[in-house]
1. Of (1) in contact (Cβ under 8 Å) with a residue 12 or more places away in the chain; (2) in a helix (DSSP H, G or I); (3) away from chain A (no Cβ under 14 Å); (4) touching a helix residue (DSSP H, G or I) at 6+ places or on another chain (Cβ under 7 Å), residue B:320 satisfies all except one. Which?
2. Can you confirm whether region B:59-74 contains a residue that is touching a helix residue (DSSP H, G or I) at 6+ places or on another chain (Cβ under 6 Å) and surrounded by 15 or more Cβ atoms within 10 Å (Cβ to Cβ)?
3. Can you tell me which residue within region A:220-238, out of those that are in contact with a helix residue (DSSP H, G or I) (Cβ under 9 Å, 6 or more places away or on another chain), part of a helix (DSSP H, G or I) and within 13 Å of chain B (Cβ to nearest Cβ), is surrounded by the most Cβ atoms within 10 Å (Cβ to Cβ)?
4. When you go through B:44, B:49, B:55 one by one, which is the residue that is in contact with a helix residue (DSSP H, G or I) (Cβ under 7 Å, 6 or more places away or on another chain), in a helix (DSSP H, G or I) and either at the interface with another protein chain (Cβ under 9 Å from one of its Cβ atoms) or farther than 18 Å from residue A:442 by Cβ (or both)?
5. Hey, among A:174, A:159, which residue is surrounded by fewer than 23 Cβ atoms within 10 Å (Cβ to Cβ) and either touching a residue at least 40 places away in the same chain (Cβ under 8 Å) or under 28 Å from residue A:295 (Cα atoms) (or both)?
6. If I filter region A:369-384 down to residues being free of Cβ contacts under 8 Å to residues at least 60 places away in the same chain and under 21 Å from the mean Cα position of the chain (by Cα), which single residue comes out as farthest from residue B:102 (Cα to Cα)?
7. Residue B:105 passes all but one of (1) at the interface with chain A (Cβ under 7 Å from one of its Cβ atoms); (2) free of Cβ contacts under 8 Å to residues at least 24 places away in the same chain; which number fails?
8. Scan region B:64-80 and report the pairs whose first residue is under 10 Å from residue A:338 (Cβ atoms) and whose second residue is surrounded by fewer than 15 Cβ atoms within 10 Å (Cβ to Cβ), with Cβ atoms within less than 9 Å and a gap of 6+ or a chain change.
C-alpha cells in the first residue's frame, strides 16, 4: 500500500480547483462566498427600497422599478443568500460532524452548486430587459405576474434552476447522513445541526417540486393557452396561491430549521453544558416540519375561504407555537446554571433567541384569522418576517460563521471587531424593523413606493436603521477576510466548551478528513 | 461601545412622547362593532405575548447575568427533566386554546353576511375602484385625486407634506349609510386587488372571476380612508378608498343626486365645445385617468406603457377612430374607459392627446363623434 500512498492533503490549485471540485469543504466555501455575494446584491436592492421610502414622494425610482426591487430582493435573499448559506454550512460541517470523508454524492454536489450562478444570472439579467424585471412580488401571483414582459420566462427558468440545485443538495445531505455516519454513531447521537438539516432536506424534496409545478403552470398559462389560473377559462387564480404556499410555508422552515440547528450547537458550547432536552429538540423539529405542511393557507386568510377552512388553518398555525416554544425553553434551560461566556457566536445566538421569539409572537398574532384581516399585507407582516428571517435566520448564520471560522481558516477572528459587528447589527436591525410594526398597525400597506405623510417619521427611522445595517455588514466582510489571512492560531478545539467531532480534526481542517472512520469515544458524542 | 449604547437609549428616552401619540403606534379601533372586537382581541393577544416575553426573557437575562464563567460558576451537568418539559408544553397549549376561543367566535360573526340591507360591489381595476350600488342601479368610479397624482410623480418637486390626505384622497368618495348592515362584495376586473378600510376592521381580496362577500355596520358618521392592500402592479400605491358615512336620509339624497348626474352624463353627445374648452377639460381627464401610465409628458414608460407623444395613433388622421376606440374599449393592459367616461370626456381627452406635447394635429373631436364611435365597433 505504502508505494501507492500519495499526499492526501494536496489540494489542486488554480481556478480548476473550484470549477471541478468534488471536495465538500471547497464546495462549502463556494456556497458560502456565493451566499455572501448575493446577500450584498439583495442588500443593495433593500437599500434602494429604503432610500425611496426615506421620505414621502417619489425621489429615486419609478413605481414599476420599485416593485421589481421588492420582488427580486426577496427572491435573491431567500434563494440566493439564506438557502445557499445553509447548504454551504451543511457541506462544510455535516461530514466533519458525523465523521464522514466527504458527501455521499460529490459530483452531484459540484453540479448543485454550479447551477446557482447560472440561475441567478438569468434572474438578475431580467432587470435589464424590455419591460423590466419581474415586479409582481416574489409570490408571483397570477394574473399580475402574467403581465411581466420579456423577463417572464427567465424568471420561471431561474426558479427551476434554483429548485433543481436545492433538491440535489437535499438528496446529497440525506444520502450522506443515512449512509456515512462514523461506525457507532446512531441517529439519536447526531449533533442537532445535522438533525435539522436532515429534516430540512425532506422539506426541500417535498416542497420544491410543488413550486416547480406551479411556475410551470404559469408558463403554460402565458404561452400555451392553458387556463389553470384564469377564471375566464374555467381556472382559478386562488388555486395558484394554494399551490404556491403549499411550497411557501415549508420554505419558511427550510430557512429556519438549519438556524435552529446552529443555535443548538452554539449555546451548549458557550454555556459549557450539554444541550437540554436533546430528544425533545429532535421531536420538536420534526413536529414543526410536519405541521408546516398543513398551515399554508394562513398566508391567504383574506382570499375568502370557507369559514371551516379558515378555522382549520388558524388552529393548525397557532399549534406551531407549542413545539417552537419547546425549542426556546430548551435553549434557555441549556443556558441555565451553565458557565457562560459571550464571544461573538454566543452573542448572535442569544440575539437570535430573543428576536426570533419576537418574530414568533407577531407570528402568533398573524395566525389568528380575525385579526389577520387587519394585519394582512401591511408592514406588520414585513416586520414579522424580517424578525424571523433577518434577526432570525441571518443572525444564526452569522453566529455559525463566527463559530466555525477558526475551524475553516485555522485562525481566530478579531473578537473585538466581531463584537462591534454584533452590536451594530443588532441595534440597527431593530431600528430598521421594529418601527415597521407600528407602520403596519397604523395602516401602511406593504409593497407601495410612496405613502401618506402620517407614515413619514417611522419610515425615516426605519430607513436610517436600514442604511446602518447595510454598512455594518461591510465590517463583517472585513472581519472574515482578515481572519482568512491570518491572526491568532486556532486550537483544534477552538472553543473551550465546543462539542462534536469537528473539533477533533486539526484547525484549519485539512483538505481530506476522516479517510478512515474515527473511533468514537463517549466524549466525542457529547451534544 | 457601552457609552454609545447608553447614548442611543437616552436619545430614545428623550424623544417627545407626544410625538409618538400623533404618529399612530397602534391598530385603529375603528367605527364598527366588529372593528372594536378585532381591536380588543389584538390588544389581548398583544398583552399576552408581552407578558410571556417579559417573563421568558427576564428569566433568560437573570441567567445571563448570574451564570457566567467570569463569576466563577461551575457548569451544571443536567440535560433533561421530564417534569419541566411537560409543563412548558402544556402551558403554551393552554394559552393558545384560551386565545383560539374568542378568535373563533369573532371569526364566525365576521363571516355572517345575512340580513344585510344594502349591497355595494367594489370592483378593483388597474388602478381605480368601481362601485356598483346594486339596489339603486348606480355606478361610481373612484380614482386617486389629481392633487396627489401630480405630487406623486417621480421628482415632481412638489412637497407631499403639505397635503394631510396625500395618496388617501379620491375624486369621487363613496357614500354609505350609518347604522345599516351593508354587504360589501369585492371582485376585480384584471388582477387581484384587496379592498381595505382599516376603520371597518377587515380587508378582503378582490379577485377577477370571483366575488367575496363581507359586511359592515358603521356606527359613526365620518370620512374613512383606506388603500388597496394587494400588489396589483405599478399603480398599487395609488388606488385609495374613501368612504363617507352619513345618516340614512342623507345617503338617500346622495343616491338621488348621483343618479341624476349619471343621467346627465349619459346625454352629453350633443354638447359642442370650443378647442380651448376641450383642451382644458381634456387635460383634467388626462391627469385623472391617463397620467399614471402615459406620464405627464405623454412619453409613457418604455417597454411597459406606450408613449402618446409622437405616436401614430394620436397623430395620423386615419387612426382617429382607432384612437377613440382605444379609449372606449381598451387594449391589452389598457383598461376600457367607455363605461366610466362620458362622451364629452372622451372627446375632450382625445382632443387633448391629439394636440398636446407637440402632437399639434389641430384635430377637434366632439362628443357626437364619440357617441357614433360607440355604435360602430
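The values are calculated or read from the model by the stated rules, or taken from the named source; none is laboratory data. Computed from a predicted model, the values in this text were never measured in an experiment. Heads up, the Cβs are rebuilt from the backbone with ideal geometry, glycines too, and the neighbour counts pull from every protein chain shown.
1. With respect to (1) in contact (Cβ under 8 Å) with a residue 12 or more places away in the chain; (2) in a helix (DSSP H, G or I); (3) away from chain A (no Cβ under 14 Å); (4) touching a helix residue (DSSP H, G or I) at 6+ places or on another chain (Cβ under 7 Å), residue B:320 is out only on (4).
2. yes
3. Looking at the filtered set, the residue picked out is A:237.
4. Just a single option satisfies the conditions, and that option is B:49.
5. None of the others qualify; the one that does is A:174.
6. Across region A:369-384, the extreme among qualifying residues is A:383.
7. Condition (1) is where residue B:105 drops out.
8. The qualifying pairs are B:69/A:496; B:73/B:66.
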